[in-house]
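Report on the following structure.
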Amino acid sequence: MKPRGQGFTGKSRLMLALLAVYLLVFFVAPVGKMFFSGVTNEEGELASGALAIFLDNPLYIESLLNSVAVALGASVLAALAALPVAITLWRFRLQPPLIVELFGFLPLFVPPFMLSLSLQSLLGRGGALGMLTQPFGDLDPSLWGLSGMMVVEAIHYFPLVLMTLVLSTTAFSRQAEEAARLGNSWPRLITRVFLPLGLPGLAFGMAITFLKCLDDLATPLSLGITNLLAPQAYFRVSTYGAQDPLSSLMAVAMIAISVLVWLFSAGFLQHGVSHWAAAPTGRTDVLTGHRRRIGMFCFAGIAAFYLLCYSGMILTSAARIWSHTLLPESWVLSHYSSALKNETGSFINTLIYCGFAAVIDVLIGLVMAYAIERSPARWKKPLTWGAASLLSVPGVALAIAYLQFFQGMQLPILGKPLDATWFLLPMAFSIRGLPFAIRACSFALQNLPASYVEAANLSGASRLSIVLRVILPMMAFGLLMAFLICFGIAAVDLSSAMLLVPSETDAPVSYSIYLHMQTSTGRGTGSALAILTIGVVALAMTALVLLIRRNWNPASSLRRIMLPGNPTK
Amino acid sequence: MNNVRIEADNIAFSYGEPRVLRNISLSIEAGELFAVVGPSGSGKTTLLRVIAGLEQPSTGTIRINGTNVNDIPLTQRNIGMVFQNFSLWPHMTVFENVAFGVSEHDLHGETVKARVDRILDILDIDETRDARPAHLSAGQQQRVALARALVTEPRLLLLDDPFSNLEYELRVQMRHDLRLLQRKLGITTILVTHDLEDALCIADRLAVVVHGTIRQIGNPTALYDFPNSIEVARFVGVENFIPGTLRHIESQLIEFFSPDIGMLRWPMRDRPPEGPAMLSIRPHALHICPIDSFRDGRYSWIEGSIVTSEFLGEVVRYQVAIGNTCLSVKQPHFLGSAATPTGTPVLLGFDPSRARIFPALQESGASASYD
């Protein structure tokens with residue numbers, strides 16, 4: 001029998017029309033206009049002027065190549081680091097606990113420039129480890145140029161690559177062990193089973209790393225690197241204004257590269273998504289003996305490494321004076337009190353922007369998930385992958401597109417120029433969070449099979465009662481997940497924020513941290529603010545773990561949402 | 001007895017092409033337990049959903065006690081339904097699940113509680129009232145779903161394959177309990193099931209639906225003994241179909257010839273058309289005798305040899321080769337007796353009155369059988 005109730009009613013069509021308007025106004029039209037302004041002249045005719053300037057300027061060509069090289073290098077480095085760890089976990093059937101699985105996705109919720117600044121504090125000439133390692137050479141990543149950035153990004157995205165790799169292989173680790181006992185050698189199992197199974201996960205993790213690195217604006221600036229596409233586009237817009245065709249061309253180039261990478265990885269992803277759904281939650285297999293010790297060693301080792309990496313920031317946040325000593329000379333909590341006292345505004349800004357963006361994402365995601373669910377079978381796959389491909393839109397490119405498209409437009413009622421308000425920021429955030437929102441909302445919809453609502457209808461209950469007592473409670477978990485994920489993704493989207501924030505007083509927390517860290521006197525407060533932010537994210541993650549465990553359908557919810565193409569059923 | 005009579009008149013339904021239901025007409029008497037059976041994908045659940053009002057028919061009308069209910073909203077039809085997966089709301093306790101419908105009916109809190117308590121008591125699940133569905137067994141979940149459907153005192157009870165999620169023993173118990181409850185309440189009930197045994201056990205009448213049309217309606221024994229088409233015969237468990245040619249010999253004597261089994265003759269009151277035909281006979285209507293046995297004149301006899309045997313406990317199932325055809329035969333198992341060895345030549349005997357003859361080229365929808 002066919003799925004129930006295919007087709008759309010009048011109200012559904014209205015919702016779809018609103019969805020189309022949203023996508024048209026906040027995605028298709030701005031990006032389309034930017035594309036045309038990059039390839040046309042002032043009269044609107046096709047012209048290669050901007051392209052010629054771009055090709056003639058060695059700096060821009062170098063920036064293009066550097067961007068690709070850094071993004072590729074970071075993703076390859078992260079993959080090389082993740083592969084042996086993932087093979088060890090697979091070899092010893094070490095399934096990460098839910099909390100570790102969740103923290104594997106932490107790189108998506110913490111901006112990488114924090115790691116960069118922490119490593120600079122730690123490994124810089126005046127830093128704790130920097131002093132010790134000085135005789136062997138400078139380890140400060142800001143002195144290594146592009147290689148430094150590659151390493152920072154690779155360290156930042158390593159947990160994500162590891163987790164996607166683990167999730168795509170863990171379902172078959174038991175069978176592999178049994179096959180090994182029956183006489184198959186481990187090298188053969190790794191090459192013939194682990195690698196083919198892990199390829200989709202690896203492709204996804206590497207693709208995300210690549211796309212995020214390409215789009216990263218704050219990390220290169222924090223390292224003093226400017227010969228990349230994102231910083232160059234940012235400088236062009238800052239110097240020549242939003243209508244600069246060269247910045248459009250750079251943004252278009254970033255989108256083109258991102259789309260190509262996404263398409264390339266999607267080819268691998270499509271063949272292995274079912275393994276993610278099959279992967280156990282990691283709580284079924286109790287670790288004992290040497291497996292337990294190896295597991296503890298692996299997870300504790302990774303945790304200790306990250307604690308060490310972030311210790312620069314932790315120490316800076318509590319140091320009054322710290323220069324050329326192993327540890328700070330004196331300790332204070334004033335940075336925290338200062339952060340809490342003076343940065344209340346940026347916290348409130350974050351709540352407003354990210355909350356607004358997350359609410360839009362949940363609403364739009366719900367409509368899109370519903371539309372995908374109801375669409376004919378032949379449309380389901382292209383729509384699902386089409387929605388996931390929004391991941392490939394760089395924040396810098398979207399922000400430039402917004403500045404161009406909305407420049408000169410007046411905000412109704414207030415009568416202010418649209419680009420002089422914070423309104424565009426949450427809209428850009430919402431487009432960036434949409435792929436995850438759709439996945440989470442699909443998950444929420446699938447928690448509510450049609451027969452549950454039909455049973456309520458047949459009981460004679462009113463619509464309001466059915467919505468309040470059946471639909472919302474059953475979808476609440478998925479919708480909450482959608483909100484939290486979109487909120488988190490918006491909170492770290494510094495690339496869009498740096499271009500779209502109209503003034504420093506309107507800055508969200510991530511931008512405030514960046515601004516503080518750019519001044520020598522603000523590093524303590526910036527670090528305290530960063531630690532507080534990471535603490536909030538960690539708390540939210542832990543709350544999410546508790547929520548998943550309490551949920552009546554605990555099956556690997558997060559991975560089903562975070563990994564594209566993976567059936568949410 | 002609730003005196004609710006259901007009529008469906010020329011119901012058709014489609015999600016596009018092809019049509020899921022075609023020209024369905026049936027009449028269900030008040031207090032009757034009517035079963036709709038058919039293979040997977042035949043449209044039986046869709047028929048139930050159309051009657052419930054969950055789907056609108058493309059054409060045709062549904063009448064309850066003579067009133068056309070096509071345009072009556074779902075919430076006002078007062079129909080109780082038990083879904084295949086039970087669809088119990090996981091965030092509510094058993095009490096809350098059952099009380100959901102009645103609490104909407106402007107009833108006093110005490111009245112709601114009394115009604116829910118009564119139905120929980122009738123269904124013997126009052127001890128689970130504070131439990132969540134996830135903590136109940138499949139049988140308990142089914143009772144809760146039934147309680148939720150019955151607590152609003154519906155005019156009509158619809159059951160969508162309610163036994164499919166239950167293990168065999170529980171299934172037998174539940175259908176027995178359901179039958180008793182249905183008789184006690186006298187509520188008109190429609191049961192949809194893919195399992196013939198469920199329907200034969202408890203239904204007053206049943207309809208066989210194949211490819212979206214009703215092929216036969218009748219009481220369980222009539223439908224089982226006298227299927228009117230090859231499709232219905234297959235669905236009610238006839239496994240042996242022998243192609244051949246039918247000829248009239250005398251006014252009430254027919255001759256069936258098949259290259260595999262040779263010539264068979266027996267008297268038949270109804271005169272089936274001459275020409276290509278299909279002889280069907282159930283596995284348990286055939287019995288195996290040694291090849292040199294006395295051939296009782298009341299039976300028709302065919303020679304064959306044992307190909308395989310499967311011991312199934314109560315019976316032994318044999319595959320017996322008759323020319324190029326293989327017939328399935330079920331013989332009762334007797335204490336200590338061994339199965340007839342493979343390759344043994346045997347005689348298969350059957351009472352001609354238990355054989356059915358269908359036109360060989362019978363198309364879907366055509367229905368005629370002869371005995």
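None of the figures in this text is laboratory data; all of them are computed from the coordinates on show. Here the structure is a predicted model, which means the values were calculated and not measured. Don't worry about glycine lacking a Cβ; one is built from the backbone with ideal geometry, like all the others, and counts go over all protein chains shown.
A few notes on this one:
- When the charge dipole of the protein assembly as shown is built from unit charges on Cβ atoms (+1 for Lys and Arg, -1 for Asp and Glu) and taken about the Cα centre, the candidate among B:LEU279, B:LEU88, A:VAL85 whose Cα reaches farthest toward its positive end is A:VAL85.
- When the protein assembly as shown is described by a simple charge dipole with +1 on each Lys and Arg Cβ and -1 on each Asp and Glu Cβ, the residue from A:LEU480, B:GLY343, A:SER389 located farthest towards its positive end is B:GLY343.
- Gyration tensor verdict on segment B:212-268 (Cα atoms; rounded if a/c is under 1.5, prolate if a/b is larger than b/c, oblate otherwise): prolate
- Whole-angstrom gap from segment B:268-289 to segment A:211-234, using each part's C-alpha centre: 84
- B:GLN56/B:LEU185 FRET efficiency (R0 35 Å; Cβ-Cβ; nearest 0.05): 0.75
- Segment A:117-141-segment B:92-141 distance, computed between alpha-carbon centres (Å): 68
- As a proxy for reagent exposure, A:MET474, A:MET313 were ordered by neighbouring Cβ count within 10 angstrom, fewest first; the result is A:MET474, A:MET313.
- Cβ-derived FRET efficiency at R0 45 Å, A:ARG292 paired with A:ILE53, nearest 0.05: 0.15
- Other residues within the sphere of radius under 10 Å centred on the Cβ of B:ASP124, judged by their own Cβ, net out at -3 (K and R +1, D and E -1).
- FRET efficiency, 1/(1 + (r/R0)^6) with R0 22 Å, evaluated for B:ASP351 and B:LEU253 via beta carbons: 0.85
- Cβ-based net charge around B:ASP177, under 9 Å, with every Lys or Arg adding one and every Asp or Glu removing one: +2
- Where labels lie 7 Å past Cα in the beta-carbon direction, separation of A:SER334 and B:PHE311 in nm: 9.2
- Here A:ASP216, B:ASP198 are placed in order of increasing Cβ neighbour count within 10 Å, fewest first, which gives B:ASP198, A:ASP216.
- Top of B:VAL50, B:VAL315, B:VAL94 by mean-square fluctuation, Gaussian network on chain B, Cα under 10 Å: B:VAL315
- Here is the list for segment A:37-142: GluC sites (Glu not before Pro) lying in DSSP coil, each with at most 10 other C-beta atoms within 10 angstrom of its C-beta, are A:GLU42, A:GLU43, A:GLU45.
- Label-point gap, in nm, between A:LEU307 and A:PHE36 - each point 7 angstrom along Cα→Cβ: 5.7
- Cα centroid separation, segment B:343-357 to segment A:428-471 (Å): 59
- Cβ-placed point charges (K, R +1; D, E -1), dipole of chain A about Cα centre in debye, nearest 20: 2580
- Segment B:6-229: relative contact order as a whole-number percent, Cα under 8 Å and 6+ apart: 30
- Three-way shape call for chain A based on the alpha-carbon gyration tensor, with the a/c threshold at 1.5: rounded
- Within the same chain, aspartates and glutamates fewer than 8 places from A:LYS11 are excluded, and of the rest, those with a Cα less than 19 Å from its Cα are A:GLU373, A:GLU454, B:GLU55.
- Candidate lysines for bridging to B:LYS184, where Cα separation is under 23 Å - those fewer than 8 sequence places away on the same chain excluded: B:LYS113
- Remark: spin-label model distance B:ALA138-A:LYS11 equals 3.6 nm, labels positioned 7 Å along the Cα→Cβ axis.
- Compactness check for segment B:6-229: Cα Rg over 2.2 N^0.38 Å is 1.01.
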